[in-house]
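Read the figures in this text as sums done on the coordinates, not as results from a lab. Just so it is clear, the model here is predicted, and its values are computed rather than measured. Counting neighbours? That spans all protein chains shown, and the Cβs are built from the backbone with ideal geometry, glycine included.
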Amino acid sequence: MGSSTIKLVQMEEGIQKSWCEKHHGELLKTLSKGLLELELPEQFALCVTGSNRKTLLDALPDAVQMEDIPAIVEGTKRLCPKAGSMIEIGSQSARFITGLSGKSPRFSVNEHCAGGTGSFFEDQMSRLELQIEDYSRLVEKAREIPNLSGRCAVFAKTDIIHRQQEGYPKEDILLGLCYAMIRNYKATIVKDLPVEKPIAFCGGVTRNTGVIRAIRDVFSLSEDELLVPEQALYSGAIGAAFQEGTLVEKDDLLRRISAAGPNTEGSGALSKLQLLSGTSLSEPEKSGTMSVDGAYLGIDVGSTSTDLVLIGRDAALIDFLYLRTAGDPEGVVRSGLAQLREKYGEFPVLGVGITGSGRERLGNMMGADAIRDEITAQAKAAAWWGPDADTVFEIGGQDSKYISLKEGNVVDFQMNKICAAGTGSFVEEQAARMGIPISDFGPLALQGEHPCDLGERCTVFIETAITQAAAQGASQADIAAGLCHSIVKNYLHKVVGGKPVGKRIVLQGGVDYNPGIVAAFQSAYGDKVQVSPVFSISGAFGAALLAQEAVGNEKSTFLGFDFPREEKKVLATSEEIRRNKAFYKKAGQLVVEDYDGTIDPRKKTIGVPLTLIMFKFFPMVNAFFKNLGFNVVLSKPTNEETIRLSQQYAQGETCYPVKLIYGHMKQLANDKVDYIFLPSVRTIRHPHAHAAHNYACPYMQKAAQMVFESLGLEQQGIQLLSPVLDLDLGAKMMGIAMLETGKALGFSRARCLPGLAKGALAVNKFTEDVEALGREMLSGLNPEEKVLVLITRNYGISDPVLNMGIPEILLSRGYKVMTLGHLPGMSLDISPDYPHMYWPFGDHLLSGAKLIANHPNLYAVYLTNHGCGPDTLISHMFREEMGDKPYLQIEVDEHYSPVGVITRIEAFLNSIKNRKNDPMPENFNILNVSMRLANVSAKPEKGKKLLIPPLGCYTRYLADYFRHQGFAAEAMPDFTHQTLNLGRAEMVSKEYLPLPMLVGSCLQAIAEHGGDDGLQFLIPYGYGADADGQYARTVRTILDRKGHTKCGIVAPMLEELSETAEDIGLLIRALLTGDVVYALPYERREELAPKQIPTLAKLVELAKQSDTSKKRTIAAVGSPMCITSLDEGVLSMLEQEGNRIKRQPLAEMMAFLWQDNGKPVDWSEISRVAQALRASGSFATTADTLFSSADRYLPSFAGNNGRYRFAKAIQMGESADAVLTLAPRYENTATVLSLCGLEKHCAAPIFALSLDGDWDENSTSRLRSFLYYC
């Protein structure tokens, strides 16, 4: 009983009959139909599997059930006995299972994105107006494989439209989708699991021959190495059929199914939707009368629809057309013009404005007077109808927009990023799946009395929640209402985020035809929300107004209703633009100034990937190795081939810059280099930083090793040169690292020194020359001139893919462009504001923000990376630094769509075009920036209530510890989904789960307290290098923005507590008490747990009552909050079911952290408690065991105590039946641990819980499937 279909198999010495049908949420009705049509005997044995099996189990509680993965494995073994691994792709599931011949197969599944599932193809075929059954026939005719997005089912549509416009036939596009999906599947699901051949391919997608072709190519399989069994669709049902089932009578089973009532548990939890009185969602009123003077024409060319609008000189609406784009924007515009001419004759066109994704080409072809981005057009329309409007919410088919207005001008805006769950397509997909015409969906939603809380999910994955709600008896009306609430939640959390929402909100966009969505917005904001009278054509209406503004009293440049089919030639580039481009390119040229790339076949070759810090340090590397007599080859700048190789070989969900390393290294390997040089950067020197260490991010510390080993380049005879650079220890340490590299290559110190000296001079010269260029530009600016500064890391600026062509776009529009390197940010000390900013890049970015905010002529274009932990937090601080000064932030991602980038850029440029620069002060000094001391203290303040965040059993004892020190300490309530929703409303990206939970908890506490005065929150700092050590400063930033400046943030440095904490012995005992309580029998834990921190003697006695019964033992390792308060009850659930959970002890974790950072540690009390617990505890026999393991497998690494977590999983895996690793989703450290081979080195099987507040039945099913083999 799957997410979209029910499959039945009758087995009797082989498969006798099979049956399959989609259930559309009507599970039991469809099951009854199948049981009747299969003509089963009167009595048979039954076993049920699948993600929706609980629906049958409610009707038949005694039925034997089987978890999904085991059922699929057993079924595949029967179908393909020789298979070593398998690919299984269903409607919403995508799984890879390997080790089929062994006792415990290993598997990986898609968790939170449906880009690699069958629904992905169904959605694309629907958009192309084709039948899914025709897919295989069509791809057989394909000749090319265009590059498309394989991540999001909705965003692939953007690529499809662009490829159609480029002339690719639908056959090629469909094959491109197959390859995109399988590349994404390999990178995000298979990852580093061993691919044992032959591979069996099962699931509904086996019917797609394009996917079979893509699997063979992407996995490099021969015909014999990919097996597609005849009954591939039924692998799960076949596996269940071989399980010993429950004997049932057919008539009795049908009767029970028929009598089964709905399980209404939790089916309705949201407010009923009601439209406010006076809300009109009718078509815009038009006169239908053409003035003698003529009309202004506005056109909005969208991906799904194209609107044409005619307005008079008084902006009164004359007429409008709503047409389907159907992949032919030019054709549909010509058709629309022909319809208008037929209706009104050859009327005078006073001006033409065009907006939308197809605006540039068509605008130039027709001679449009105003070619404007959608943000500007939508803002113009909103301000016209509501002069006092300060906020615009606009939801289109694939794009959602938030716009902040001040006096009719755009002052801020945001668009949806890589998820389409807050767009119109979201509703369309679900209405289609529910079989409801889109026109009926909204009215139906208003009928729902108890809307279902369906959460915030991917457009495909929410189908699971819909199916579960239907199974619980929810009506279609309640489900429809829940979906309307869901789209609004997604929009507010993922688009608006923490942006300000004003007092007059204008709703625009075609989605406003849906009264359910309008009512959901009104439910959130009440009568602040008003629907624009031209909501459905607001973009085109705004374009017409912009045309009127652009033309003024001049004559329109419109080339007529039958405008030429060739694009009008744009004027030649001006001399000023040429000068600006030449200036910008100088910095990039300086990096490779002494590089020629010549190859002497008599010499060995060092290959250098043009990635990460090589954009700054290549001059040194080049000089060093050339001096030693090597050829030096730099990989080519990132291109389509680099991207293709990266998609093919990348493992895990890292940020895009790290993924591209796979492509660069692979290209160098293909060029037959002898060595690859890419340092492992642990720390980076920053002259004014005051953090204990200046860490590179977790990825930069291990990227070279991870990628090199993943590609198997050592087996190809290539050697990796990856010295560990601890640059915050000074230039001397870098010199030592490079000299050691030279020594490893057989060169003496004396032989290496000249090249090293030359290289160091080259890097220093490069840095000085770039800053000199910046001074040169700033010295010659006019008072009203606006200079755009690209704020990102070196590689984000210089890499042609990572910068997404943004420098060229900005320069081509006549602006001067600088980079962060042109500014003297390294001369600025911002430690008073950011006392523990341990990311030197973060320090540099925020220094740049201060300089730009301070300089009247400078405006920031801030590029962040999707999947970058540091960027998610720095974004909050960057926003604080910029204050009221507008800036543009763009998130870089491998979803490659230039149209969205251009829209954001044009909207930003339009918003600052008429903004007056502040006057330049006399004797202006760019470094004279404002500082404000961060209100974060290392110790609590007496007289204020100290609130301790939830940390499971430890919270009580930590509060008691602080009370012993004389503070009024209290434990905060446990985290809830309400807490998460409060925090998520303030987020801007993919922040790790602890941050929104902490923010939500603080906001809840302030609300309950009646204000923030008298409160202080315990949120510790850390040395780094992952995001966890910056939570305190980020929470401070968010609370300040919300106006909660009086409350305190108490942030002791975790790594220094052994030296700085009052009564360190009592603190250790507080943690030990929590460790012992978790080791007690689950059934008696609450009874035996002491109310306060006991004496050591009593704690030792309590430890002797620990759980010693024989049970399946599961180790839990991870970040502290994830193994206690953020596990969503998973560990307690497993304990209730009779498993023993051994959590990593926090006392040991802290002691390891202190010793690993060179701090004094007294292990005596820890050792006594560990001895008392004996085998029932989870302490290591000796600390040396942990350090030995950490040094062996994860040396020179810093990030959320990753060394301890790696070593602890290995140590606990020696005695546990299974190991669970718990970490926030997107956590960089967790990804590093995985890619560095944790699973390979651990004796017990490992299951990773990626936590983001959305654990559900499917997550539980995956976990149970894993434990089935343990």
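Among 1269, 1078, which comes first, then next, by fewest other beta-carbon atoms within 10 Å?
So the ranking, lowest neighbour count to highest, is 1269, 1078.
Of the beta bridges DSSP finds with both residues in the chain, what % are antiparallel, to the nearest 5?
35
For region 553-627, what does the equivalent ellipsoid look like in terms of its semi-axes, each the square root of 5 times an eigenvalue of the Cα gyration tensor, given largest first in whole Å?
48, 17, 11
So what is the relative contact order for region 577-676, in percent, with contacts set as C-alpha pairs under 8 Å and at least six apart?
32
Express the Stokes-Einstein translational diffusion coefficient of region 590-767 in µm² s⁻¹, to the nearest whole number, given a Kirkwood radius over alpha-carbon pairs, 37 °C and a viscosity of 0.692 mPa s.
After rounding, the answer is 198 µm²/s.
For region 936-1052, report the translational diffusion coefficient in µm²/s to the nearest whole number, using Stokes-Einstein at 20 °C, 1.002 mPa s, and a Kirkwood Rh over Cα pairs.
So the translational diffusion coefficient is about 151 µm²/s.
Please compute the alpha carbon radius of gyration of region 220-348, then divide it by the globular-protein estimate 2.2 N^0.38 Å. Two decimals is fine.
2.17
With no solvent and one point per C-alpha, what does the Debye sum give as log10 I(q)/I(0) for region 1103-1268 at q = 0.10, 0.12 Å⁻¹?
-0.35, -0.51
Over region 1017-1171, calculate the relative contact order: mean separation of alpha carbon pairs under 8 Å at least 6 apart, over the residue count, as a percent.
24
Could you run the Karplus curve 6.51 cos²θ - 1.76 cosθ + 1.60 with θ = phi - 60° over region 546-553 and give me ³J(HN,Hα) per residue in whole Hz, x for Gly and Pro?
Result, ordered by residue: 5, 5, 4, 5, 5, 6, x, 9 Hz.
Would you pull out the residues with amide H under 5 Å of residue 411's amide H, same chain only if 5 or more places away, H placed 1.01 Å from N?
Hits under the 5 Å cutoff: 404, 405, 406.
Within 10 Å of each candidate Cβ there may be at most 12 other Cβ atoms; applying that plus a DSSP loop requirement, which GluC sites (Glu not before Pro) in region 492-590 survive?
Passing sites in region 492-590 are 554, 566.
For region 212-218, what does the Karplus curve 6.51 cos²θ - 1.76 cosθ + 1.60, with θ = phi - 60°, yield as ³J(HN,Hα) per residue in whole Hz, taken in order and with x for Gly and Pro?
4, 4, 5, 4, 4, 6, 5
Please state, as a whole number in µm²/s, the translational diffusion coefficient that the Stokes-Einstein equation yields for region 721-846 at 20 °C and 1.002 mPa s, with Rh defined as the Kirkwood radius across alpha carbon pairs.
Rounded, D is 123 µm²/s.
Quick query: amide H of residue 65 versus all other amide H atoms, modeled in the peptide plane; which residues come in under 5 Å with a sequence gap of 5 or more or a different chain?
48
Using only Cα atoms, locate the centre of region 1184-1235 and the centre of region 628-642, then give the distance between them in Å, rounded to an integer.
34
Does region 172-236 come out rounded, prolate or oblate, given a ≥ b ≥ c as the square roots of the eigenvalues of its C-alpha gyration tensor, rounded meaning a/c under 1.5 and, failing that, prolate meaning a/b above b/c?
Rounded, because the longest to shortest axis ratio a/c is under 1.5.
Relative to the present Cα-Cα distance, how much length would full extension add between residue 732 and residue 1040 at 0.36 nm per residue of separation?
Full-extension gain reported as 106.8 nm.
Let me see the pair-distance distribution of region 414-532: every alpha carbon pair, 10 Å bin width, integer percents in order.
Bin by bin from 0 Å, the calculated values are 14, 49, 30, 6, 0.
Between their Cα atoms, which of 22/272; 1046/1159; 636/659; 380/528; 702/939; 33/54 are more than 23 Å away from each other?
Table pairs above 23 Å Cα-Cα are 22/272; 1046/1159; 702/939.
Report the relative contact order of the chain, percent, no decimals, based on alpha-carbon pairs under 8 angstrom and at least 6 residues apart.
Contact order relative to length: 9 percent.
Can you tell me the order of 63-70, 300-307 when each peptide is scored by its average per-residue count of other Cβ atoms within 10 angstrom, highest first?
Ranked from most to least packed, the peptides come out as 300-307, 63-70.
For a quick check of your reading of the filter: which GluC sites (Glu not before Pro) in region 779-842 sit in a DSSP loop and have no more than 10 other Cβ atoms within 10 Å?
Here the GluC sites (Glu not before Pro) that fit, given the DSSP loop and packing criteria, are 784.
How much length, in nm to one decimal, is gained on full extension between residue 1013 and residue 136, taken as 0.36 nm per residue of separation minus their Cα-Cα distance?
Result for the pair: 309.1 nm of gain on full extension.
Which far-off residues, 5 or more places away or on another chain, put their amide H under 5 Å from the one on residue 819, with H placed in the peptide plane?
Result for residue 819 returns 790.
Within region 821-924, which GluC sites (Glu not before Pro) sit in a loop by DSSP and count at most 16 neighbouring Cβ atoms inside 10 Å?
Answer in residue order: 922.
Using the Karplus curve 6.51 cos²θ - 1.76 cosθ + 1.60 with θ = phi - 60°, work out ³J(HN,Hα) for each residue of region 1143-1154 in order, rounded to whole Hz, and write x for Gly and Pro.
7, 4, x, 5, 5, 5, 4, 5, 5, 4, 4, 5
Given charges of +1 on the Cβ of Lys and Arg and -1 on the Cβ of Asp and Glu, with all other atoms neutral, how large is the dipole of region 590-767 about its Cα centre, in debye to the nearest 20?
Result for region 590-767 is approximately 440 debye, rounded to the nearest 20.
Report, in deg cm²/dmol and to the nearest 500, the calculated mean residue ellipticity at 222 nm for the chain, where each DSSP H run with n ≥ 4 adds -39500 (n - 2.57) and the sum is divided by the residue count.
-12500 deg cm²/dmol
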